[in-house]
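Peer 1: For reference, the structure I am asking about is given below.
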């Protein structure tokens, strides 16, 4: 579809398209949410896996695929177009439920999650970038809060529903049927109604930046966002540790609770509470960061996550305490998640945004790889509680890193470094 002239920058000026992208991202999140309550249990019940590291291998595959897809999507967004990459992401999602349905071994499940990682790397990345394109610099935090709230609201609803349905139906059947429906709707809506945002990018670049500036190559963006620029470096490491937490919540907490006698519906409740609070809280957090700056929310969020994980480690799997810890983990993540993306976007120009965000999201989603490996190995070597305690300590350290490395100048709309 040809790019239409930009009507202007702002949430109100682009409300119909922005709202559509919010809905699309809810479906993107739901694709992952279906697995939150069911896939670790499927590994044990359908495939007889007894090692936590073996069960969590699907998260490692997901994280690797998503991380490298983020890099490719960021580098290719200007050349190929945001809308094309969004549609491609949904096309890749279509075979995921089919592969899971016919899987004769756990290796097939791991392969399906590699495809799911590609889907998320393309589709979620493009909904993020396109919303930032639409609203411009003034309400960036709110836009990202709404985007991430929709995505993780989709995760929460799908996690809770799949856990509830898995109490009465085979978990694999629930996952397959839900995944097929979501992927098909996401593809049709994106292809039929989403418009590209290249015109909005040009408009913001002309108003606020050097119109002759070119998008950085990946060989330039990678060192900038990894170690060269303090603001970007601090955000990248915090994103990695945040998703390390998410890998633990996704893969280990269901096994932890089930080992203490929790039912599938109780596992689904805890699995849904965390992304549910995370999703809703991001609307407020994103808007708040537009007013007070990014750093205070990122530091506070990482420390709240660490405290919640400490409570979970000490809970011995009691469902009430686990639910309270899930709420705390959701609050901490809500403070951090949209704010990190906003801080990255503040620090670079519009044409540099996709590749820089691609690098940030690469490191953030490598947290799934590190978290899946660390949580699985630590749980096998120590215990579920021991693995959770280790991650709690890492999260507190990450928050302190941000406190020392992220300068206070990274605030709403600022261009730092």
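Peer 1: With 373, 394 as the choices, which residue is out of contact with any strand residue (DSSP E or B) (no Cβ under 9 Å at 6 or more places or on another chain), at pLDDT below 90, surrounded by fewer than 24 Cβ atoms within 10 Å (Cβ to Cβ) and within 25 Å of residue 117 (Cα to Cα)? Can you show your working first?
Peer 2: Working: 394 fails: at pLDDT below 90.
Unique residue meeting the criteria: 373.
Peer 1: Could you figure out which of (1) more than 15 Å from residue 388 (Cβ to Cβ); (2) more than 21 Å from the chain's Cα centre (by Cα) isn't true of residue 315?
Peer 2: Among (1) more than 15 Å from residue 388 (Cβ to Cβ); (2) more than 21 Å from the chain's Cα centre (by Cα), residue 315 violates only (1).
Peer 1: Filter segment 64-86 down to residues that are surrounded by 24 or more Cβ atoms within 10 Å (Cβ to Cβ) and at pLDDT below 85 and give me whichever is farthest from residue 366 (Cα to Cα).
Peer 2: 77
Peer 1: I've got another one for you. Is it true that residue 301 is at pLDDT below 85 and under 16 Å from the mean Cα position of the chain (by Cα)? Talk me through it step by step, then tell me what you get.
Peer 2: On the way: at pLDDT below 85: no; under 16 Å from the mean Cα position of the chain (by Cα): yes.
Criteria not met by residue 301.
Peer 1: Oh, and also: Looking for something part of a helix (DSSP H, G or I), farther than 24 Å from residue 372 by Cβ and touching a helix residue (DSSP H, G or I) at 6+ places or on another chain (Cβ under 9 Å) - is there at least one such residue anywhere in segment 266-279? Give the steps one after another, and end with the answer.
Peer 2: As a first pass, look at segment 266-279 and keep what is part of a helix (DSSP H, G or I): 266-279.
Checking which are farther than 24 Å from residue 372 by Cβ leaves us with none.
No, segment 266-279 has no match at all.
Peer 1: Between 359, 348, which is under 19 Å from residue 223 (Cβ atoms), outside any helix (DSSP H, G or I) and in contact (Cβ under 8 Å) with a residue 40 or more places away in the chain?
Peer 2: On the way: 359 fails: outside any helix (DSSP H, G or I).
Only one candidate qualifies: 348.
Peer 1: Tell me which residues, restricted to segment 1-42, are at pLDDT 90 or above and part of a loop (DSSP other than H, G, I, E, B).
Peer 2: The answer is 14, and nothing else.
Peer 1: Do you know which residues across segment 125-149 are under 13 Å from the mean Cα position of the chain (by Cα) and either at pLDDT 90 or above or surrounded by fewer than 24 Cβ atoms within 10 Å (Cβ to Cβ) (or both)?
Peer 2: Looking only at segment 125-149, we keep the residues that are under 13 Å from the mean Cα position of the chain (by Cα), and these are 125-128, 144-145, 147-149.
Matches in segment 125-149: 126, 127.
Peer 1: Going through 286, 261, 317 one at a time, which residue ends up being in a helix (DSSP H, G or I) and out of contact with any strand residue (DSSP E or B) (no Cβ under 9 Å at 6 or more places or on another chain)?
Peer 2: Details: 261 fails: in a helix (DSSP H, G or I); 317 fails: in a helix (DSSP H, G or I).
Exactly one of 286, 261, 317 is in a helix (DSSP H, G or I) and out of contact with any strand residue (DSSP E or B) (no Cβ under 9 Å at 6 or more places or on another chain), namely 286.
Peer 1: I need a count of the residues in segment 95-110 that are over 21 Å from residue 85 (Cα atoms) and part of a helix (DSSP H, G or I).
Peer 2: If we filter segment 95-110 for residues that are over 21 Å from residue 85 (Cα atoms), which is where we start, we get 98-110.
Then drop every residue that is not part of a helix (DSSP H, G or I), which leaves 98-102, 106-110.
Looking only at that region, the number is 10.
Peer 1: Of everything in segment 265-284, what is crowded, with 24+ Cβ neighbours inside 10 Å and more than 16 Å from the chain's Cα centre (by Cα)? Give them in sequence order. Write out each step before concluding.
Peer 2: Our first condition is that a residue be crowded, with 24+ Cβ neighbours inside 10 Å; within segment 265-284, this holds for 267-268, 270-272, 274-275, 278-279, 281-282.
Matches in segment 265-284: 267, 268, 270.
Peer 1: Kindly indicate whether residue 56 is at pLDDT below 80, over 21 Å from the mean Cα position of the chain (by Cα) and within 27 Å of residue 274 (Cα to Cα). Break it down stepwise before answering.
Peer 2: Details: at pLDDT below 80: yes; over 21 Å from the mean Cα position of the chain (by Cα): no; within 27 Å of residue 274 (Cα to Cα): yes.
No; evaluated as a whole, the condition is false for this residue.
Peer 1: May I pose another question? Just checking: which of the helices (runs of 4 or more DSSP H) contained wholly in segment 162-248 hold 3 or more residues that are touching a residue at least 40 places away in the same chain (Cβ under 8 Å), surrounded by 15 or more Cβ atoms within 10 Å (Cβ to Cβ) and within 20 Å of the chain's Cα centre (by Cα)?
Peer 2: Numbers: elements: 171-193, 198-208, 218-223.
Qualifying helices (runs of 4 or more DSSP H): 171-193.
Peer 1: Could you list, in sequence order, the residues of segment 21-79 that are free of Cβ contacts under 8 Å to residues at least 60 places away in the same chain and farther than 19 Å from residue 132 by Cβ?
Peer 2: Restricting attention to segment 21-79, the residues satisfying the condition of being free of Cβ contacts under 8 Å to residues at least 60 places away in the same chain are 48-50, 61, 65, 69, 76, 79.
Selection gives 48, 49, 50, 61, 65.
Peer 1: A further question on this structure: So, in segment 94-105, of the ones that are in contact (Cβ under 8 Å) with a residue 24 or more places away in the chain and either over 14 Å from residue 35 (Cα atoms) or in contact with a strand residue (DSSP E or B) (Cβ under 8 Å, 6 or more places away or on another chain) (or both), which residue ends up surrounded by the fewest Cβ atoms within 10 Å (Cβ to Cβ)? Don't jump to the end; show me each part of the working.
Peer 2: Residues of segment 94-105 in contact (Cβ under 8 Å) with a residue 24 or more places away in the chain: 94, 96-98, 100-101, 105.
Keeping just the survivors that are either over 14 Å from residue 35 (Cα atoms) or in contact with a strand residue (DSSP E or B) (Cβ under 8 Å, 6 or more places away or on another chain) (or both) gives 94, 98, 105.
Numbers: 94: 16, 98: 14, 105: 9.
Within segment 94-105, the match that is surrounded by the fewest Cβ atoms within 10 Å (Cβ to Cβ) is 105.
The values are calculated or read from the model by the stated rules, or taken from the named source; none is laboratory data. Note that the structure is predicted; figures quoted are calculated from it, not measured. Cβ: placed from backbone, ideal geometry, glycine included. Neighbour counts: every protein chain shown.
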